[in-house]
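Enquirer: My structure is below; once you've seen it, I'll send some questions.
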Amino acid sequence: MKRIKILYVSFKDEIKAFEIPAFRGAVASKTGKDNMLFHNHLADNKLNYSYPLIQYKRLNKKPTILCVDQGVDEIHKFFEKRNWGIKLSGRDLDMKIDKLYMNEFNMQVWDKDFKYTIRNWIALNQENYRKYEAIESLTDRISFLERILTGNLLAFAKGIGWTVDKQIKVRIINIVNSRPVKLKSQKLMGFDIEFKSNVFIPNQIGLGKSVSLGYGVVRELKNRTI
């Protein structure tokens, strides 16, 4: 079992979905290149492929920062600035806080299932997309996606330093939608799915590719909101 802290901070301004990368860039510029968790780039400008502990999202149209584990301690490097304002798409955002929540969770594998939805899940890189397209059976396609989602959960576990001591189980119960997504000049596929797992996943955590840019947002399918 691993106990983690998660901090959700949303701001009063509104942004468009396509502005999330610029939002991340503006916040990262505010904190400086030395603070890697804000931008996930290494010193030589190579990508850090570990799980992002600071994630940028658009929730209820508002720019939101989600901080996981060590990211909670790092976010003070933004808030310690005298002026939090940023410039986005030619306009000034004051970055006044709308909502702030801090929670702690026990990360473990349970003897029961939890039901979730995940939106804009970038499950497949270009190589896996070709493999997925070559699979004719819907059942086999779902099994393929379930293995990838299990891998995403294991990557999350590794990123927060959680040693998983039991088998993680994932079962996709509905593919609600799928759509082409252009990401960094690559044409990929985004999925909206419903699934069950024996892992409790905190609301708004991202899974899959580009979670730092608001993709793959998970919510428990109960009347639970943050």
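The values are calculated or read from the model by the stated rules, or taken from the named source; none is laboratory data. Just so you know, these numbers come straight off a predicted model, no measurement behind them. Here Cβ is always computed from backbone atoms with ideal geometry, including for glycine, and neighbour counts include all displayed protein chains. Ligands, DNA and RNA are stripped out before the accessible areas are found, and what is left, the full protein with its side chains, is counted by its heavy atoms. Shrake-Rupley method; radii C 1.70, N 1.55, O 1.52, S 1.80 Å.
Enquirer: In a Gaussian network model over the chain where Cα atoms closer than 10 Å are linked, find which of VAL176, VAL72, VAL211 has the largest mean-square fluctuation.
Expert: VAL176
Enquirer: Starting from the 7 Å offset along Cα-to-Cβ, what nm value, one decimal, do you get for the label separation of LYS77 and ARG119?
Expert: According to this spin-label approximation, the distance is 3.0 nm.
Enquirer: Here's a follow-up. May I ask you to list the aspartates and glutamates whose Cα is less than 15 Å away from that of LYS184, ignoring any residue fewer than eight positions away on the same chain?
Expert: Within reach: GLU19.
Enquirer: Let me ask another. Report MET102's accessible area, 1.4 Å probe, all protein chains in place, as a number in Å² to the nearest 10.
Expert: Roll a 1.4 Å probe over it and MET102 shows about 100 Å².
Enquirer: Next question. Checking the a/c ratio against 1.5 first, then a/b against b/c, what shape does the Cα gyration tensor give for the stretch 71-200? Numbers along the way, then the final one.
Expert: On the way: a/c = 2.47, a/b = 1.41, b/c = 1.75.
Verdict is oblate for the stretch 71-200.
Enquirer: Another question about this same structure. Could you provide, to the nearest whole Å², the per residue accessible area of the chain with probe 1.4 Å? Show your work: numbers first, answer last.
Expert: Numbers: 12180 Å² over 226 residues.
Per residue, the chain has an accessible area of 54 Å².
Enquirer: Quick check: pseudo-label points 7 Å beyond the Cα along Cα→Cβ at VAL164 and LYS87, how many nm apart are they?
Expert: Each label point is offset 7 Å from its Cα along the Cβ direction, giving 4.4 nm.
Enquirer: If you don't mind, another one. Expressed as a whole percentage, what fraction of the accessible surface of the chain belongs to carbon and sulfur atoms when a 1.4 Å probe is rolled over the protein heavy atoms?
Expert: 46
Enquirer: Could you check which residue among PHE200, PHE38, PHE105 shows the biggest mean-square fluctuation in a GNM of the chain with a 10 Å Cα cutoff?
Expert: PHE105
Enquirer: Starting from the Cα of LYS81, draw a straight line to each of the lysines and keep only those under 17 Å, dropping any in the same chain fewer than 8 residues away.
Expert: LYS30, LYS33, LYS96
Enquirer: For ASP13, what residues show an amide H to amide H distance below 5 Å, using hydrogens built from the backbone and excluding near sequence neighbours?
Expert: Those qualifying (amide H under 5 Å, at least 5 residues apart or on another chain) are MET95, LYS96.
Enquirer: Specify the residue with the greatest mean-square fluctuation among LEU183, LEU138, LEU93, computed from a Gaussian network of the chain linking alpha-carbon atoms under 10 Å apart.
Expert: The residue with the greatest mean-square fluctuation here is LEU138.
Enquirer: Would you tell me the accessible area of TYR101, worked out with a 1.4 angstrom probe on the heavy atoms of the protein chains, in Å² to the nearest 10?
Expert: Around 90 Å² of this residue is reachable by solvent.
Enquirer: By the gyration tensor of its Cα atoms, with a ≥ b ≥ c the square roots of the eigenvalues, what is the shape of the stretch 1-116: rounded for a/c under 1.5, prolate for a/b over b/c, or oblate?
Expert: Working: a/c = 1.84, a/b = 1.40, b/c = 1.31.
Judged from the Cα gyration tensor, the stretch 1-116 comes out prolate (a/c at least 1.5, a/b above b/c).
Enquirer: Helix 138-159 against the longest principal axis of the chain: what's the angle in degrees, Cα atoms only, rounded to the nearest 10?
Expert: Approximately 40 degrees, to the nearest ten.
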